[in-house]
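Trainee: This structure is in structure tokens; I'll ask about it shortly.
The values are calculated or read from the model by the stated rules, or taken from the named source; none is laboratory data. Worth saying up front: this structure is predicted, and the values here are computed from it rather than measured. Here the Cβ is made from the backbone with ideal geometry for all residues, glycine too, and neighbour counts use every protein chain on show. Side chains included, ligands, DNA and RNA excluded: accessible areas come from the protein's heavy atoms. Shrake-Rupley method; radii C 1.70, N 1.55, O 1.52, S 1.80 Å.
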Amino acid sequence: MPHPHLFVTKDQVDNLRSLQHVRDSIGRGHAKTLWDALLAKVENESQQEPWIPSTPLPERKATSIKHANRDFDLVARVCNRIMDASLVALVTGESRWADAALRQIECLYDPEQWPEYEDQTHLDYGDHCSLRRGQIAVALGLAYDWLYDFLTPEKRRWIIDMFDTRLTDAFKMALKTGGRFTKYKNNFVPVIYGGFQTAAMAFGDDYSETPWLHEACGPKVADYMTYFIGPEGEFDESVQYASAVDVVVNYIIAKQYHDQLDDQITANPQIAAFFKWYMYFTLPPGRVVGFGDPAPDMPPVVTTYSAAASAQNNTTFQWFYEQYFDKAPDTHRRRSLEFLYYNPDIRAEPPGADMPLGRAYQNCARLVSSRSSWDPDSTTSVVYGKATIEDNHFHADWGQLCIDGYGDRLIPDLGSPSSYPQT
């Protein structure tokens, strides 16, 4: 299979986005804004030393820095740094950006600088392969695919051999010993199984374990697709954790490109229903409903709305994306994929008659939302509540009714502190 082939194709392939099409969009409207920001980010990061577990990055807790923990914020930023530099190298054809990505990969593979990948919390549970390896697998796979023409055969072999030693071996051991994630039916499935299978799609026949990874991961992710979204689009965890659907959509699109399929978002109507559910529980001026776990004021994560808008020519999804694209922190913004997803040819229009101002959901948590308008910054009131508990990571905060006015929470008590339940 030619490289690149994930999220962007080397040559034009049916309805998939080609590298030339991506290059042609750089100077157009919001696509130019995204490209300029991506280029500036990569330029800035190329001047920095590679990041290690003790690097003091924004949003990281002081205790994580002190103890060199591999927390989500660190690993997400490292993965984004690798992917962003790799995509800029691919689009521009300039090797200096490939070199920047490879410096961080070399550091990540160095056992003296990165002796462990998993965060301390998961290690304390006995998880020697968990979410962090799932995140890293995607970044290394996409870097391999996007940087392919910049790499010597020896460097390609090195990337795969080190992946085998530092990631696949731990994944195999977890499956053999029955690691915690093998029993879970929550977001661990797409992050870990989906992450390793995305890497397999990227490596292709260059990696001897690719067939095994497809066999080990594919059925698990396919099964997850059957239950993680309810019949009306409800996510099976809290609204805050629903940003994990970005991981699912990224996986779906990676598989679409790998298998050269027709649009897979439209083929899954529950995904489109989820996008509407998430909109109902996003509040002005840019935060999601704070019920359940993990925090009450998280911003919406909307990168994949641009992918859905492009796939379905959906002007409402494009509007929602453009309202909130810059709210999420860099830990949650995969700018490389955001740039590839955005289609400047799709108009942006606010919700119409197909999205009334109020909606009650009958399944997972039985959430209710009613607002005076779809104004994204400030509306007279939004009333929202939940009648029961989520299917995963649930909290004892059912029965809550909250009211927001002009962008402020008028009932501050959400009924439950943020902590993991004993389930």
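Trainee: So if I check each of Ala273, Ala242, Ala216, which one is under 27 Å from Thr182 (Cβ atoms), surrounded by fewer than 20 Cβ atoms within 10 Å (Cβ to Cβ) and not hydroxyl-bearing (Ser, Thr, Tyr)?
Mentor: Ala216
Trainee: Which of the residues spanning region 386-405 are surrounded by fewer than 19 Cβ atoms within 10 Å (Cβ to Cβ) and outside any loop (DSSP other than H, G, I, E, B)?
Mentor: Leu401, Ile403, Gly405
Trainee: Scan region 327-367 for residues that are hydrophobic (A, V, I, L, M, F, W, C) and surrounded by 18 or more Cβ atoms within 10 Å (Cβ to Cβ) and jot them down. If you could, list the steps in order and put the result at the bottom.
Mentor: First pass over region 327-367, keeping only residues hydrophobic (A, V, I, L, M, F, W, C): 328, 337, 339-340, 346, 348, 353, 355, 357, 360, 364-365, 367.
Passing the criteria: Ala328, Leu337, Phe339, Leu340, Ile346, Cys364, Ala365, Leu367.
Trainee: Let me ask something else about it. Filter region 17-44 down to the residues that are touching a Phe, Trp or Tyr at 6+ places or on another chain (Cβ under 7 Å) and of a type in the set (A, V, I, L, M), then identify the one that is most open to solvent (accessible area, probe 1.4 Å). Spell out the reasoning first.
Mentor: Restricting attention to region 17-44, the residues satisfying the condition of being touching a Phe, Trp or Tyr at 6+ places or on another chain (Cβ under 7 Å) are 26, 30-31, 34-35, 38, 42.
Those left that are additionally of a type in the set (A, V, I, L, M): 26, 31, 34, 38, 42.
Values: Ile26: 38, Ala31: 2, Leu34: 15, Leu38: 1, Val42: 5 Å².
The qualifying residue most open to solvent (accessible area, probe 1.4 Å) is Ile26.
Trainee: When you scan region 1-45, how many residues do you find that are touching a residue at least 60 places away in the same chain (Cβ under 8 Å) and not in a loop (DSSP other than H, G, I, E, B)?
Mentor: Total meeting the criteria: 15.
Trainee: To continue, here is another question. Would you tally the residues in region 215-237 being within 18 Å of Leu131 (Cα to Cα) and either at pLDDT 95 or above or out of contact with any strand residue (DSSP E or B) (no Cβ under 8 Å at 6 or more places or on another chain) (or both)?
Mentor: Summing the residues that are within 18 Å of Leu131 (Cα to Cα) and either at pLDDT 95 or above or out of contact with any strand residue (DSSP E or B) (no Cβ under 8 Å at 6 or more places or on another chain) (or both) in region 215-237 gives 7.
Trainee: Also, I was wondering about something else. So, in region 290-312, how many residues would count as being within 19 Å of the chain's Cα centre (by Cα) and closer than 16 Å to Val239 by Cβ? If you could, list the steps in order and put the result at the bottom.
Mentor: Here is the first cut: in region 290-312, the residues within 19 Å of the chain's Cα centre (by Cα) are 293-295, 297-311.
Those left that are additionally closer than 16 Å to Val239 by Cβ: 293-295, 297-302, 304-305.
Final tally of qualifying residues: 11.
Trainee: May I ask you to list the residues in region 157-177 that are of a type outside the set (A, V, I, L, M, F, W, C) and either farther than 18 Å from Gly204 by Cβ or surrounded by 17 or more Cβ atoms within 10 Å (Cβ to Cβ) (or both)? Quick ask: steps written out before the conclusion?
Mentor: Narrowing region 157-177 to residues of a type outside the set (A, V, I, L, M, F, W, C): 157, 161, 164-166, 168-169, 172, 176-177.
Result: Thr165, Arg166, Thr168, Asp169, Lys172, Lys176, Thr177.
Trainee: Let me ask something additional. Have a look at Arg81, Arg70 and point out the one that is crowded, with 21+ Cβ neighbours inside 10 Å and assigned to a loop (DSSP other than H, G, I, E, B).
Mentor: Result: Arg70 is the single residue among Arg81, Arg70 that is crowded, with 21+ Cβ neighbours inside 10 Å and assigned to a loop (DSSP other than H, G, I, E, B).
Trainee: Further question on the same structure: Sort out which residues of region 100-139 are in a helix (DSSP H, G or I) and loosely packed, with under 14 Cβ neighbours inside 10 Å, and write them in order of number. So that I can check it myself, show each step before the final result.
Mentor: First, the residues of region 100-139 that are in a helix (DSSP H, G or I): 100-109, 120-124, 131-139.
Scanning region 100-139 gives a single hit, Asp124.
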